[in-house]
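Below is one structure, written out as C-alpha coordinates; the observations come after it.
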Amino acid sequence: MAIQTIGIIGAGIMGNGIAQVCAAAGYQTIMQDVAEAALERGIKTINASLERGVRKGTMTEAEQAALVARIRTTTRAEDLADADLVIEAATENETLKVKILQGLDRILRPGAIIATNTSSISITRLAAATSRPERFVGMHFFNPVPVMALVEVISGLQTSEATAQEVAELARSLGKTAIGVKNSAGFAVNRILCPMLNEAIFTLQEGIASAEEIDAGMKLGCNHPIGPLALCDMVGLDTLLAVMNVLYTTFNDPKYRPATLLQEMVDAGMYGRKSGRGFYSYAK
Ligand code: 3HC
(Lines give C-alpha, C1' and ligand atoms only; values in the text may rest on other atoms or scores of the structure.)
Protein backbone atom coordinates (compact mmCIF):
# COMPACT_ATOMS: atom_id res chain seq x y z
CA MET A 1 0.00 0.00 0.00
CA ALA A 2 1.47 3.35 -1.04
CA ILE A 3 1.28 6.08 1.57
CA GLN A 4 -0.28 9.21 0.07
CA THR A 5 -2.05 10.94 2.94
CA ILE A 6 -0.43 11.46 6.33
CA GLY A 7 -2.24 12.63 9.45
CA ILE A 8 -0.42 14.38 12.29
CA ILE A 9 -1.95 14.72 15.73
CA GLY A 10 -0.64 17.78 17.56
CA ALA A 11 0.42 21.13 16.07
CA GLY A 12 3.08 21.84 18.68
CA ILE A 13 6.85 21.99 18.36
CA MET A 14 7.23 18.43 16.98
CA GLY A 15 3.83 18.13 15.22
CA ASN A 16 4.22 21.22 13.05
CA GLY A 17 7.79 20.25 12.13
CA ILE A 18 6.62 16.77 11.09
CA ALA A 19 3.74 18.29 9.08
CA GLN A 20 6.24 20.56 7.32
CA VAL A 21 8.57 17.75 6.23
CA CYS A 22 5.64 15.55 5.11
CA ALA A 23 4.18 18.35 2.97
CA ALA A 24 7.66 19.21 1.64
CA ALA A 25 7.99 15.61 0.42
CA GLY A 26 4.68 15.96 -1.48
CA TYR A 27 2.32 14.09 0.87
CA GLN A 28 -1.21 15.32 1.45
CA THR A 29 -0.96 16.26 5.13
CA ILE A 30 -3.72 16.70 7.69
CA MET A 31 -2.64 18.37 10.96
CA GLN A 32 -5.13 17.92 13.78
CA ASP A 33 -5.16 19.61 17.17
CA VAL A 34 -7.94 20.21 19.69
CA ALA A 35 -7.45 23.98 19.65
CA GLU A 36 -7.79 26.21 16.59
CA ALA A 37 -5.23 28.61 18.13
CA ALA A 38 -2.64 25.78 18.31
CA LEU A 39 -3.19 25.02 14.60
CA GLU A 40 -2.74 28.71 13.74
CA ARG A 41 0.49 28.85 15.75
CA GLY A 42 1.67 25.65 14.04
CA ILE A 43 1.12 27.07 10.54
CA LYS A 44 2.83 30.32 11.60
CA THR A 45 5.89 28.35 12.77
CA ILE A 46 5.98 26.40 9.49
CA ASN A 47 5.83 29.64 7.49
CA ALA A 48 8.64 31.14 9.61
CA SER A 49 10.76 28.04 9.00
CA LEU A 50 10.08 28.10 5.23
CA GLU A 51 10.83 31.82 5.03
CA ARG A 52 14.45 31.01 5.95
CA GLY A 53 14.60 29.06 2.67
CA VAL A 54 12.94 31.89 0.72
CA ARG A 55 15.47 34.38 2.16
CA LYS A 56 18.36 32.07 1.21
CA GLY A 57 16.94 31.59 -2.30
CA THR A 58 16.47 27.81 -1.94
CA MET A 59 12.68 28.14 -2.21
CA THR A 60 10.35 30.56 -4.01
CA GLU A 61 7.33 32.19 -2.38
CA ALA A 62 5.10 30.19 -4.77
CA GLU A 63 6.73 26.92 -3.59
CA GLN A 64 6.22 27.98 0.03
CA ALA A 65 2.52 28.66 -0.64
CA ALA A 66 2.10 25.33 -2.48
CA LEU A 67 3.74 23.44 0.40
CA VAL A 68 1.54 25.07 3.03
CA ALA A 69 -1.52 24.42 0.84
CA ARG A 70 -0.80 20.68 1.12
CA ILE A 71 -1.39 20.94 4.89
CA ARG A 72 -5.05 20.80 5.87
CA THR A 73 -5.76 21.74 9.47
CA THR A 74 -8.65 20.49 11.55
CA THR A 75 -9.83 20.25 15.14
CA ARG A 76 -11.86 17.10 14.36
CA ALA A 77 -10.13 13.73 14.77
CA GLU A 78 -12.69 12.21 12.34
CA ASP A 79 -11.04 14.19 9.52
CA LEU A 80 -8.03 11.84 9.81
CA ALA A 81 -10.15 8.94 8.48
CA ASP A 82 -8.62 9.14 4.97
CA ALA A 83 -5.03 8.93 6.21
CA ASP A 84 -2.85 5.96 5.24
CA LEU A 85 -0.66 6.66 8.25
CA VAL A 86 -1.09 8.91 11.29
CA ILE A 87 1.80 10.21 13.39
CA GLU A 88 0.70 11.06 16.92
CA ALA A 89 2.73 13.96 18.33
CA ALA A 90 0.55 15.06 21.25
CA THR A 91 1.76 16.04 24.72
CA GLU A 92 4.01 13.50 26.45
CA ASN A 93 1.34 12.13 28.77
CA GLU A 94 0.54 8.42 28.64
CA THR A 95 -3.12 8.65 29.70
CA LEU A 96 -3.77 11.32 27.09
CA LYS A 97 -1.90 9.41 24.37
CA VAL A 98 -3.80 6.18 25.10
CA LYS A 99 -7.11 8.05 24.83
CA ILE A 100 -6.09 9.67 21.52
CA LEU A 101 -4.73 6.40 20.09
CA GLN A 102 -7.84 4.41 20.99
CA GLY A 103 -10.03 7.04 19.31
CA LEU A 104 -7.79 7.01 16.25
CA ASP A 105 -7.87 3.23 16.06
CA ARG A 106 -11.67 3.40 15.74
CA ILE A 107 -11.53 6.07 13.02
CA LEU A 108 -8.81 4.69 10.73
CA ARG A 109 -9.47 1.94 8.20
CA PRO A 110 -7.94 -1.47 8.96
CA GLY A 111 -4.38 -1.66 7.66
CA ALA A 112 -3.62 2.03 8.16
CA ILE A 113 -0.48 2.53 10.23
CA ILE A 114 -0.41 4.35 13.57
CA ALA A 115 2.97 5.84 14.50
CA THR A 116 3.81 7.70 17.70
CA ASN A 117 6.51 10.32 18.14
CA THR A 118 6.78 9.65 21.89
CA SER A 119 10.23 10.32 23.34
CA SER A 120 9.85 8.11 26.38
CA ILE A 121 6.71 5.96 26.57
CA SER A 122 6.82 2.21 25.78
CA ILE A 123 5.81 1.49 22.17
CA THR A 124 4.72 -2.04 23.19
CA ARG A 125 2.35 -0.61 25.82
CA LEU A 126 0.88 2.10 23.56
CA ALA A 127 0.43 -0.47 20.76
CA ALA A 128 -1.43 -2.78 23.11
CA ALA A 129 -4.01 -0.04 23.70
CA THR A 130 -5.07 -0.37 20.03
CA SER A 131 -6.61 -3.25 18.05
CA ARG A 132 -3.70 -3.17 15.54
CA PRO A 133 -0.42 -3.62 17.45
CA GLU A 134 1.23 -5.14 14.33
CA ARG A 135 0.50 -1.88 12.43
CA PHE A 136 1.77 0.31 15.30
CA VAL A 137 5.30 1.71 15.46
CA GLY A 138 7.43 4.42 17.06
CA MET A 139 8.57 7.16 14.70
CA HIS A 140 10.86 9.39 16.74
CA PHE A 141 11.85 12.68 15.11
CA PHE A 142 14.40 15.16 16.49
CA ASN A 143 14.05 18.85 17.16
CA PRO A 144 14.13 20.97 15.01
CA VAL A 145 12.45 18.45 12.72
CA PRO A 146 13.14 20.22 9.38
CA VAL A 147 16.88 20.27 10.18
CA MET A 148 17.67 17.04 12.04
CA ALA A 149 18.42 14.13 9.71
CA LEU A 150 17.43 11.20 11.94
CA VAL A 151 14.26 9.22 12.57
CA GLU A 152 14.34 6.32 15.03
CA VAL A 153 11.90 3.61 13.89
CA ILE A 154 11.00 1.73 17.05
CA SER A 155 9.43 -1.71 16.95
CA GLY A 156 7.27 -2.80 19.86
CA LEU A 157 6.96 -6.48 20.69
CA GLN A 158 4.09 -6.96 18.22
CA THR A 159 5.13 -4.51 15.46
CA SER A 160 5.36 -6.41 12.16
CA GLU A 161 8.56 -6.33 10.14
CA ALA A 162 6.55 -5.02 7.15
CA THR A 163 5.27 -2.05 9.21
CA ALA A 164 8.79 -1.14 10.41
CA GLN A 165 10.07 -1.35 6.83
CA GLU A 166 7.25 0.79 5.38
CA VAL A 167 7.86 3.45 8.02
CA ALA A 168 11.65 3.41 7.48
CA GLU A 169 10.96 3.83 3.74
CA LEU A 170 8.61 6.74 4.54
CA ALA A 171 11.32 8.38 6.70
CA ARG A 172 13.76 8.08 3.77
CA SER A 173 11.20 9.70 1.46
CA LEU A 174 11.14 12.63 3.92
CA GLY A 175 14.88 13.01 3.40
CA LYS A 176 15.76 11.44 6.76
CA THR A 177 18.02 8.56 7.72
CA ALA A 178 16.13 5.85 9.61
CA ILE A 179 17.67 3.63 12.26
CA GLY A 180 15.81 0.56 13.48
CA VAL A 181 15.55 0.29 17.26
CA LYS A 182 13.94 -2.24 19.59
CA ASN A 183 11.49 -0.91 22.16
CA SER A 184 13.43 -0.05 25.33
CA ALA A 185 13.34 2.90 27.73
CA GLY A 186 14.78 5.98 25.98
CA PHE A 187 15.13 3.93 22.76
CA ALA A 188 18.71 4.45 21.50
CA VAL A 189 19.34 8.20 21.20
CA ASN A 190 17.61 9.54 24.32
CA ARG A 191 19.15 6.72 26.38
CA ILE A 192 22.55 8.21 25.54
CA LEU A 193 21.71 11.92 25.16
CA CYS A 194 19.48 12.56 28.20
CA PRO A 195 21.91 11.24 30.88
CA MET A 196 24.54 13.56 29.34
CA LEU A 197 22.15 16.53 29.60
CA ASN A 198 21.23 15.51 33.17
CA GLU A 199 24.95 15.32 34.05
CA ALA A 200 25.43 18.86 32.72
CA ILE A 201 22.70 19.97 35.18
CA PHE A 202 24.47 18.14 38.05
CA THR A 203 27.68 19.94 37.04
CA LEU A 204 25.87 23.29 37.29
CA GLN A 205 24.01 22.42 40.51
CA GLU A 206 27.29 21.42 42.22
CA GLY A 207 28.84 24.77 41.25
CA ILE A 208 31.61 23.15 39.20
CA ALA A 209 31.19 25.75 36.44
CA SER A 210 28.68 28.34 35.24
CA ALA A 211 26.04 27.54 32.61
CA GLU A 212 27.98 29.54 30.01
CA GLU A 213 31.23 27.74 30.88
CA ILE A 214 29.64 24.28 30.77
CA ASP A 215 28.12 25.05 27.37
CA ALA A 216 31.34 26.57 26.02
CA GLY A 217 33.22 23.51 27.32
CA MET A 218 31.07 21.02 25.41
CA LYS A 219 30.86 23.15 22.26
CA LEU A 220 34.58 23.84 22.02
CA GLY A 221 35.86 20.69 23.68
CA CYS A 222 33.58 18.17 21.98
CA ASN A 223 32.38 20.03 18.88
CA HIS A 224 28.72 19.91 19.89
CA PRO A 225 26.66 22.43 17.85
CA ILE A 226 25.14 23.92 21.01
CA GLY A 227 25.97 23.40 24.69
CA PRO A 228 24.05 20.82 26.76
CA LEU A 229 22.20 23.40 28.88
CA ALA A 230 21.11 25.35 25.81
CA LEU A 231 19.98 22.00 24.36
CA CYS A 232 17.98 21.27 27.56
CA ASP A 233 16.18 24.56 26.97
CA MET A 234 15.49 23.57 23.36
CA VAL A 235 14.26 20.05 24.16
CA GLY A 236 12.15 21.30 27.10
CA LEU A 237 13.04 20.59 30.73
CA ASP A 238 9.68 18.88 31.29
CA THR A 239 10.40 16.48 28.42
CA LEU A 240 13.93 15.82 29.70
CA LEU A 241 12.58 15.12 33.21
CA ALA A 242 9.98 12.71 31.77
CA VAL A 243 12.69 10.78 29.90
CA MET A 244 14.99 10.64 32.97
CA ASN A 245 12.15 9.39 35.17
CA VAL A 246 11.36 6.63 32.67
CA LEU A 247 15.03 5.58 32.52
CA TYR A 248 15.34 5.72 36.33
CA THR A 249 12.21 3.70 37.09
CA THR A 250 12.54 1.20 34.23
CA PHE A 251 16.18 0.26 34.81
CA ASN A 252 15.94 0.86 38.57
CA ASP A 253 19.45 2.26 38.44
CA PRO A 254 20.54 5.39 40.42
CA LYS A 255 22.80 6.47 37.58
CA TYR A 256 19.64 7.77 35.86
CA ARG A 257 18.27 9.81 38.82
CA PRO A 258 17.16 13.25 37.65
CA ALA A 259 19.20 16.17 39.02
CA THR A 260 17.41 18.00 41.84
CA LEU A 261 17.85 21.27 39.96
CA LEU A 262 16.02 19.78 36.94
CA GLN A 263 13.06 18.80 39.12
CA GLU A 264 13.11 22.23 40.83
CA MET A 265 13.11 24.11 37.54
CA VAL A 266 10.22 22.05 36.17
CA ASP A 267 8.29 22.64 39.41
CA ALA A 268 8.91 26.36 38.94
CA GLY A 269 7.52 26.25 35.38
CA MET A 270 10.95 26.96 33.86
CA TYR A 271 10.69 24.64 30.87
CA GLY A 272 13.22 26.37 28.60
CA ARG A 273 12.46 28.13 25.33
CA LYS A 274 8.78 27.25 25.28
CA SER A 275 8.10 28.98 28.62
CA GLY A 276 10.54 31.85 28.00
CA ARG A 277 12.97 30.80 30.74
CA GLY A 278 15.21 27.84 31.46
CA PHE A 279 18.97 27.94 31.94
CA TYR A 280 18.84 31.02 29.74
CA SER A 281 16.21 33.72 29.29
CA TYR A 282 14.19 33.92 26.06
CA ALA A 283 12.11 36.94 27.00
CA LYS A 284 10.97 38.74 23.84
N1 3HC B 1 13.52 25.29 10.43
C2 3HC B 1 14.22 25.28 9.30
N3 3HC B 1 15.56 25.50 9.25
C4 3HC B 1 16.19 25.76 10.41
C5 3HC B 1 15.50 25.76 11.65
C6 3HC B 1 14.12 25.52 11.63
N7 3HC B 1 13.39 25.51 12.75
N8 3HC B 1 16.42 26.01 12.63
C9 3HC B 1 17.61 26.14 12.04
N10 3HC B 1 17.49 25.99 10.69
C11 3HC B 1 18.54 25.98 9.68
C12 3HC B 1 19.05 27.40 9.38
O13 3HC B 1 18.30 28.03 8.35
C14 3HC B 1 20.48 27.13 8.93
O15 3HC B 1 20.47 26.68 7.58
P16 3HC B 1 21.75 26.91 6.60
O17 3HC B 1 22.93 26.25 7.24
O18 3HC B 1 21.33 26.29 5.30
O19 3HC B 1 21.92 28.40 6.53
C20 3HC B 1 20.90 25.94 9.80
O21 3HC B 1 19.68 25.29 10.22
C22 3HC B 1 21.70 26.39 11.01
O23 3HC B 1 20.89 27.30 11.77
P24 3HC B 1 21.42 28.60 12.53
O25 3HC B 1 22.64 29.13 11.82
O26 3HC B 1 20.27 29.53 12.73
O27 3HC B 1 21.79 28.12 13.98
P28 3HC B 1 22.77 26.97 14.44
O29 3HC B 1 24.00 26.92 13.59
O30 3HC B 1 22.91 27.13 15.90
O31 3HC B 1 21.95 25.64 14.15
C32 3HC B 1 20.67 23.91 15.07
C33 3HC B 1 20.73 25.40 14.74
C34 3HC B 1 20.70 23.11 13.78
C35 3HC B 1 19.36 23.70 15.77
C36 3HC B 1 21.89 23.54 15.95
O37 3HC B 1 21.94 24.39 17.04
C38 3HC B 1 21.84 22.11 16.44
O39 3HC B 1 22.13 21.17 15.71
N40 3HC B 1 21.49 21.94 17.74
C41 3HC B 1 21.37 20.61 18.35
C42 3HC B 1 20.02 20.05 18.03
C43 3HC B 1 19.81 18.71 18.65
O44 3HC B 1 20.67 18.07 19.23
N45 3HC B 1 18.57 18.22 18.55
C46 3HC B 1 18.17 16.96 19.11
C47 3HC B 1 17.44 17.21 20.37
S48 3HC B 1 16.91 15.69 21.14
C49 3HC B 1 15.38 15.42 20.54
O50 3HC B 1 14.83 16.19 19.79
C51 3HC B 1 14.71 14.15 21.00
C52 3HC B 1 13.61 14.40 21.98
O53 3HC B 1 12.89 13.20 22.15
C54 3HC B 1 14.11 14.86 23.32
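Remarks
- Using just its DSSP H runs of length 4 or more, each adding -39500 (n - 2.57), the chain gives a mean residue ellipticity at 222 nm of -15000 deg cm²/dmol after division by all residues.
- Atom-type composition of the exposed protein surface of region 141-253 places 58 percent of the accessible area on carbon and sulfur (1.4 angstrom probe).
- Between 0 and 90 degrees, the angle of helix 237-251 with respect to the longest Cα principal axis of the chain falls at about 90 degrees.
- In order along region 108-125, the Karplus-derived 3J(HN,Hα) couplings, from 6.51 cos²θ - 1.76 cosθ + 1.60 at θ = phi - 60°, round to 6, 6, x, x, 5, 8, 10, 10, 10, 9, 3, 9, 8, 8, 4, 5, 4, 6 Hz, and Gly and Pro are given as x.
- Rg over Rh, two decimals, region 164-274 (C-alpha only, Kirkwood Rh): 1.03
- Cα-only Debye scattering, region 108-185: base-10 log of I(q)/I(0) at q = 0.11, 0.14 Å⁻¹: -0.24, -0.40
- Computed with a 1.4 Å probe over protein heavy atoms only, the accessible area of Asp253 comes to about 50 Å².
- By accessible area, using a 1.4 Å probe on protein heavy atoms only, region 30-103 has 50% of its surface on carbon and sulfur.
- Set of aspartates and glutamates with alpha-carbon distance to Lys44 below 14 Å, sequence-local pairs under 8 removed: Glu36
- Note: relative contact order over region 166-258, using C-alpha pairs below 8 Å and six or more positions apart, is 24 percent.
- Calculated on alpha-carbon atoms, Rg and Dmax of the chain in Å: 18.9, 56
- On a per residue basis, the chain carries 48 Å² of accessible surface, using protein heavy atoms and a 1.4 Å probe.
- Net charge of neighbours whose Cβ lies under 13 Å from the Cβ of Asp79, counting Lys and Arg as +1 and Asp and Glu as -1: -1
- Scalar couplings 3J(HN,Hα) for region 168-176, obtained by applying the Karplus form with A = 6.51, B = -1.76, C = 1.60 to θ = phi - 60°, are 5, 5, 4, 4, 5, 5, 8, x, 9 Hz; x denotes Gly and Pro.
- Protection-proxy order for peptides 44-54, 194-204, each taking the mean of Cβ atoms within 10 Å per residue, highest first: 194-204, 44-54
- With Cα atoms, 0 to 90° folded angle of helix 94-107 axis to the chain main axis: 10
- Of all DSSP beta bridges in the chain, antiparallel share, percent nearest 5: 20
- Bridging of Lys97 to aspartates and glutamates at a Cα separation below 16 Å is possible for Asp33, Glu88, Asp105, once same-chain residues fewer than 8 apart are set aside.
- Charged neighbours of Arg55, selected by a Cβ distance under 14 Å, balance to -1 (K, R count +1; D, E count -1).
- Magnitude of the charge dipole for region 164-284, about its Cα centre and with charges confined to Cβ atoms of Lys, Arg (+1) and Asp, Glu (-1), is about 340 debye.
- Region 1-86 - percent relative contact order, Cα under 8 Å, separation 6 or more: 41
- Accessible-area order (highest first, 1.4 angstrom probe) of the listed residues Met265, Met59: Met59, Met265
The values are calculated or read from the model by the stated rules, or taken from the named source; none is laboratory data. This one's a predicted model, so the numbers in the text were calculated from it and none came from an experiment. All Cβ positions, even for glycine, are placed from backbone atoms using ideal geometry, and neighbour counts span all protein chains on display. Note: areas computed on protein heavy atoms with side chains; ligands, DNA, RNA excluded. Shrake-Rupley method; radii C 1.70, N 1.55, O 1.52, S 1.80 Å.
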